[in-house]
1. Show the residues, 5+ positions off or on another chain, whose built amide H is closer than 5 Å to the amide H of Val120.
2. May I ask you to derive the FRET efficiency for Asn168 and Ile70 from their Cβ-Cβ distance with R0 = 30 Å, giving the value to the nearest 0.05?
3. Sort Phe89, Phe147 by Cβ crowding within 10 Å, fewest neighbours at the top.
4. For the stretch 1-134, rounded, prolate or oblate, judged on the Cα gyration tensor with a ≥ b ≥ c (square roots of eigenvalues), a/c < 1.5 rounded, else prolate if a/b > b/c?
5. Output ³J(HN,Hα) for the stretch 38-50: one whole-Hz value per residue in order, computed from phi by the Karplus curve 6.51 cos²θ - 1.76 cosθ + 1.60 with θ = phi - 60°, and x for Gly and Pro.
6. What are the GluC sites (Glu not before Pro) within the stretch 1-83 that DSSP puts in a loop, where the Cβ has at most 15 other Cβ atoms within 10 Å?
7. Let me know the charge dipole size of the stretch 264-324 about its Cα centre in debye, to the nearest 20, where only the beta-carbon of Lys, Arg (+1) and Asp, Glu (-1) is charged.
Amino acid sequence: MLISVNEIYSLERYSDAALLEVTTTYRDAEADSQRDSLARNAMADLAKGFLNYYAHTDPSISADGPPTVIDDPVSNTLVVSERYRIPDFMQGASREAFADRINQELARPSITQRTMPLAVSYPVNVEQIIEMRLPDRPLITPGSGTFSDEAAHFEYKVGVSGKVVHLNFLYRTLQDHVEAARVAKHLELVERIRNALSHRVSRGQASSEEMSDGAAAAVIGILAAPFIILGLVIGVRRGRTRRRSRAFNRNVQIADGEGPEKPIQVASEDLVGDGLRTLRCRCGIVYRLEQAPPSQRLVYDGRRLIAVTVFCAACGAGRDVYFAPPNTR
């Protein structure tokens, strides 16, 4: 396993802030990459990037101390530990558990009708484990599955033990490309994997802190139940509407370089590298290029483009960046 991410969310009472403990273990080439990132970036900058990564999901999150690093060159293993506090972690009726670290490896190319092979990042071997330790036994649909083709393999398992939700995900690539004739089937597999990364965790029976032990309170609860249910329904609908709205905005508001329909203009092909060095990963760290990243030429809407695949040295996330050299129409 080259990268193993273990996220533990602990919540004693629903009214409390949750404690998030993240332990990421890097091995072999990934450990070397992380050492290079630590040598080139101040720990304060890395800590900010780590915090920003989780703030995309929980804007009110705060760090509970700086990250710690344990480096073992003998076994070529590097372990990064982080701690955060998340207010309002589960104030609603449910919360989504999402294996985002694996999702980062599932970038979908903008050009799906291809005459050339599709490049696949290889080797990738990522495990993500999510635990939610809640005040009472939560509700979640248990399940497991295995999806694979000649280029990628994915496994997941979801279940509950007492008051703890367990979600285990494993993704690895098996080769560095997919033949053009197999790209459509491979992208169907990628979509199946992406759908299996998200699971809804709901509150179970009311915890003791929320239960009433008086007859009057019970009566009030019975009388208020229809209004509470109505409020929950409205809240869930509004929440879904907001999520749909955010997803729609992300799809519409494409930043320069994120898709072939909006490439970054460069004065010459020689300046593509300079353009990459001005970009930041989602985690906040500037891309650092030790060597020329993989690229391919393509034609989109009559325009000749250059698509470059870059990977963040800090979090390992990959993305495609599109450039338009001059005289490309």
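1. Amide H neighbours of Val120, under 5 Å, 5+ apart: His177, Val178.
2. So, using R0 = 30 Å, E works out to roughly 0.80.
3. Phe147, Phe89
4. Cα axes put the stretch 1-134 in the oblate bin.
5. Per residue, the Karplus-derived 3J(HN,Hα) values read 5, 6, 9, 10, 5, 4, 4, 5, 5, 4, 5, x, 4 Hz.
6. Sparse-neighbourhood loop GluC sites (Glu not before Pro): Glu12.
7. 180
Each reported figure results from applying straightforward, stated rules to the coordinates on display, with no laboratory input. Model, not experiment: these values are computed from the prediction. All Cβ positions, even for glycine, are placed from backbone atoms using ideal geometry, and neighbour counts span all protein chains on display.
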